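The values are calculated or read from the model by the stated rules, or taken from the named source; none is laboratory data. Only a predicted model underlies this, so the values are computations on that prediction, with no experimental measurement involved. Counting neighbours? That spans all protein chains shown, and the Cβs are built from the backbone with ideal geometry, glycine included.
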């Protein structure tokens, strides 16, 4: 075990997560580093939702929009999903969520918490039809999260839907396929340091903008 006297100056330095920063701008900086260093899906994030009585569930989804002007003046972090899935049902019933980005190559994490707001139908249409044709088919043919008697049933749906819309090259967006934006109330930045002397700073939204404070690791 390393004694405090043996720790180098880098270990004992003050926080390198800047106080008073714009958390959206700081997210952009870290996200740019992740895009350069992560071998796969730097935009992957854990999305935690819960039922009205507090039973949680979590899964990985992809960030598809973010920033201070994302889907409205409050800004946020947007993902898309089948709203008839388990997570969609929980979002409809309890419109709050937590996000976690973990970039192992950087030894950094970002946690985001806040209420959810559905994107406009126009935004959902635009993103759905920006996807590859095979992804549109795969999404539209799926009753996501519902029991599947056998995989061939799903594959038969995919083949039929592919043939039906192939000439047009796109599939009508199902009305239940949509997106949601997390409106952040808290954004926490975390940097791994040796000997568990981690660096954590949390930003909280206030009427005047953002406040921030360091947290014990």
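Any idea which of 194, 143 is touching a helix residue (DSSP H, G or I) at 6+ places or on another chain (Cβ under 8 Å) and over 27 Å from residue 70 (Cα atoms)?
From the options 194, 143, the qualifying one is 194.
Okay, residues lined up against (1) out of contact with any strand residue (DSSP E or B) (no Cβ under 8 Å at 6 or more places or on another chain); (2) within 24 Å of residue 16 (Cβ to Cβ); (3) outside the structural domain of residue 103 (by TED's automatic domain parsing):
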residue	(1), (2), (3)
150	yes, no, yes
153	yes, no, yes
158	yes, no, yes
165	yes, no, yes
191	no, yes, no
197	yes, yes, no
201	no, yes, no
204	no, yes, no
210	no, yes, no
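Yes or no, residue by residue, for (1) surrounded by fewer than 16 Cβ atoms within 10 Å (Cβ to Cβ); (2) without any contact (Cβ under 8 Å) to a residue 40 or more places away in the chain; (3) farther than 28 Å from residue 28 by Cβ:
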| residue | (1), (2), (3) |
| --- | --- |
| 125 | yes, no, no |
| 134 | yes, yes, yes |
| 152 | yes, yes, yes |
| 213 | yes, yes, no |
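Would you check if residue 109 is in the same structural domain as residue 190 (by TED's automatic domain parsing), in a strand (DSSP E or B) and surrounded by 12 or more Cβ atoms within 10 Å (Cβ to Cβ)?
Criteria met by residue 109.
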